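I have placed the structure first, in the form of structure tokens, so that the comments after it can refer back to it.
The values are calculated or read from the model by the stated rules, or taken from the named source; none is laboratory data. What you are looking at is a predicted structure, and each value in this text was computed from that prediction instead of being measured. Don't worry about glycine lacking a Cβ; one is built from the backbone with ideal geometry, like all the others, and counts go over all protein chains shown. Areas reflect the complete protein model, heavy atoms only, side chains present, ligands, DNA and RNA absent. Shrake-Rupley method; radii C 1.70, N 1.55, O 1.52, S 1.80 Å.
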Amino acid sequence: MCGIVGYVGAGAPDARPQGVVMGGLARLEYRGYDSAGLAVVTSDRDRVGMRKKAGKLVNLEKELAGHPLEPATAAIGHTRWATHGAPTDANAHPHLAAHGRLAIIHNGIIENFSALRAELQAEGVEFLSETDTEVAGHLLAREVDRGETLADAMRIITRRLEGAFTLLAVDASEPRTVVGARRNSPLVIGLGEGENFLGSDVVAFIEHTRTALELHQDEVVEITPEGVTITDIAGHVVEREPYHVDWDATAAQKGGFPTFMEKEIHDQPTAVADTLRGRIDEHGRLQLDGGMIHENVLNSIDKIIVVACGTAAYAGLVGRNAIEHWCRIPVEVELAHEFRYRDPVVGVKTLVVAISQSGETMDTIMAVRHAQQQGAPVIAIVNSQGSTIAREADAVLYTRAGPEIAVASTKAFLAQITAMFLLGIYLAELRGNKFPDEIESLLDQLEEIPAKIQRVLDASEPVRALARTMADERTVLFLGRHVGYPVAMEGALKLKELAYIHAEGFPAGELKHGPIALIEEGQPVFIVLPSPRGRESLHSKVISNVQEVRARGARTFVIAEEGDAEAANHAEQVFYVPAAPVLMTPLLSVVPLQLFALELATAKGYDVDQPRNLAKSVTVE
Ligand code: F6R
């Protein structure tokens with residue numbers, strides 16, 4: 001995810017602005033990025049100084065060593081995680097406008113950038129990059145040229161922008177000002193003595209100050225060496241109390257959470273929202289992130305095969321149910337390492353979907369290559385920009401979960417499910433399986449999911465408390481059915497990986513065909529109960545399965561939908577999640593199971609970020 005730093009100081013122009021920004025960018029490296037750059041305001045009132053480079057910060061450092069910048073009074077810097085346009089020098093931030101007088105950096109996605117770009121091009125503006133960000137720079141320039149101050153210009157343009165953004169800008173003619181704005185993307189202000197700071201998170205400036213202020217939704221901030229002015233976008237001044245940051249730099253990287261895994265579980269509302277953001281164009285068509293599979297090809301496919309491993313394969317199973325239901329195309333989900341060895345029936349009419357967080361899983365890479373050799377078009381659903389699978393696939397739909405640092409996958413899983421839903425919605429629209437109003441209603445329902453995930457997170461203490469009592473368990477079983485089955489398997493996988501406890505996820509209907517023999521007095525069993533609003537028979541059948549294991553002495557813990565009055569009659573404890581359309585419920589029901597595994601492993605004293613024997617990216621077959 002992109003990182004942002006801004007600085008302004010009172011002293012004579014010197015190297016400090018550049019030093020503060022480069023130091024901040026180095027501390028933001030953990031967020032993952034593919035290019036970096038900075039702009040400084042020097043004694044030149046017509047042009048800012050700017051350097052930017054694709055690749056790691058070391059490339060930018062070399063560029064600065066070869067072409068040093070002048071002493072400065074203010075600076076802004078950026079690490080980019082590509083969304084619009086490849087990670088090249090030209091697409092790296094900052095972007096210049098007003099003939100080099102203005103520089104702008106941006107996190108997020110400006111959803112209406114195509115329309116704005118067309119408007120500016122019609123006025124003769126030339127674009128130097130493929131980014132959505134450059135649009136904001138030229139809009140600012142237009143206002144500044146009309147005589148607005150940088151802060152007023154920022155307020156004016158944010159009214160026209162749609163989507164998610166944190167924007168920072170400097171203007172060579174206002175040498176002691178940095179202006180920022182935000183919507184759906186964070187920006188924090190750091191208060192110093194005779195200097196002030198901005199950062200996408202506090203890590204950016206924690207070395208210099210621990211006194212911070214949050215910028216809220218749709219607010220604009222102007223920092224000068226003397227102070228900070230916050231307004232809403234209409235220009236009304238907002239008063240806000242600063243707070244003290246008591247995290248050390250390492251804790252700050254984890255957003256104040258004790259582990260990356262816990263942070264990433266809490267990132268999930270944002271990961272899903274970001275994966276959804278700006279995807280559907282004005283014709284209701286999905287915007288892929290790279291490559292292209294012609295619509296005629298997608299119209300002619302008669303089968304989809306998903307190839308993936310582990311958690312990513314479970315995301316594929318959730319997506320399978322949705323795509324089959326919405327698009328009436330048969331979907332198979334195949335573990336990538338099994339795929340090519342069973343000589344699968346794959347051809348030009350088979351769409352292969354490769355799901356991978358890292359994009360570097362060798363088993364999945366080999367499956368992609370095998371599919372392509374058979375002539376199948378391949379779409380990658382990948383989190384890591386520019387990774388091998390993203391490059392080799394014919395088209396890419398990036399999950400925008402941000403870097404996942406904990407080895408066990410959490411937020412990438414939710415983002416992968418979300419991306420599969422987007423693919424299903426797109427195919428349903430393209431192939432005429434759904435009317436536009438049905439498509440819109442599915443998208444609206446998806447839009448509501450992030451807030452619901454947040455509610456599950458906010459109500460997570462009971463499942464964590466239960467986990468703390470279970471450190472001595474030897475086996476935990478998980479049952480689910482329909483879309484609850486992959487959730488049960490994911491719950492079991494998380495527990496194996498993190499707490500080293502034997503765990504199995506079964507389809508609840510399979511119980512009577514064998515696994516019920518495992519049930520004995522006191523055996524903990526988690527059950528992902530289908531919604532009573534779904535296929536009625538499923539709810540009652542799973543209730544029967546719960547009764548069967550209970551009758552044999554199992555302790556039953558049920559994940560149920562809010563308002564499911566029956567669940568409590570069959571469980572030692574029920575963990576409720578908000579109601580959602582049946583196919584989308586995994587995005588909610590898996591969260592208590594992730595937290596259960598996290599807390600149980602923590603109670604056992606294990607390192608949840610780096611479980612034993614596991615690697616984040618499995619690059620061997
Ligand atoms: C489980 C987990 C793994 C990965 C699997 C695929 O927590 O992280 O099961 O999901 O190794 O990895 P990617 O998605 O990188 O291909």
Restricting the range 382-404 to residues that are part of a strand (DSSP E or B) and more than 11 Å from the ligand (Cβ to nearest atom), which is farthest from Ala164 (Cα to Cα)? Ala395
Could you please find all residues in the range 167-178 being part of a strand (DSSP E or B) and over 16 Å from His216 (Cβ atoms)? Leu168, Ala169, Val170, Asp171, Val178
Taking the range 349-381 and keeping only residues that are touching a helix residue (DSSP H, G or I) at 6+ places or on another chain (Cβ under 7 Å), more than 26 Å from Asp267 (Cβ to Cβ) and in a loop (DSSP other than H, G, I, E, B), one is left with Lys349, Pro377
Condition (residue is surrounded by 20 or more Cβ atoms within 10 Å (Cβ to Cβ), within 16 Å of the ligand (Cβ to nearest atom) and either part of a helix (DSSP H, G or I) or more than 20 Å from the chain's Cα centre (by Cα) (or both)) applied to the range 446-455: is it met by at least one residue? no
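Table: residues versus (1) surrounded by 15 or more Cβ atoms within 10 Å (Cβ to Cβ); (2) more than 16 Å from the ligand (Cβ to nearest atom); (3) modelled with pLDDT under 95.
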| site | (1), (2), (3) |
| --- | --- |
| Ser544 | no, yes, yes |
| Ala554 | yes, yes, no |
| Ala580 | yes, yes, no |
| Lys616 | yes, no, yes |
Need the failing condition index for Thr88 against (1) open to solvent by 20 Å² or more (accessible area, probe 1.4 Å); (2) closer than 30 Å to Pro13 by Cβ; (3) out of contact with any Lys or Arg (no Cβ under 8 Å at 6 or more places or on another chain), just the number. (2)
Go through the range 220-256 and count every residue that is crowded, with 21+ Cβ neighbours inside 10 Å and assigned to a strand (DSSP E or B). 4
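Go through the range 54-76 and give me each residue that's among the charged types (D, E, K, R) and at pLDDT 95 or above.
Going residue by residue through the range 54-76, those that are among the charged types (D, E, K, R) are 56, 61-63, 70.
Answer for the range 54-76, where residues must be among the charged types (D, E, K, R) and at pLDDT 95 or above: Glu61, Lys62, Glu63, Glu70.
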Out of all the residues in the range 296-328, which are open to solvent by less than 10 Å² (accessible area, probe 1.4 Å) and assigned to a loop (DSSP other than H, G, I, E, B)? Ile301
Just one of the numbered conditions (1) surrounded by fewer than 22 Cβ atoms within 10 Å (Cβ to Cβ); (2) in contact with a helix residue (DSSP H, G or I) (Cβ under 6 Å, 6 or more places away or on another chain); (3) of a type in the set (Ser, Thr, Tyr) is not true of Thr211; which one? (2)
Restricting the range 347-381 to residues that are near the ligand (Cβ under 8 Å from one of its atoms) and open to solvent by less than 10 Å² (accessible area, probe 1.4 Å), the residue that is modelled with the lowest pLDDT: Gly359
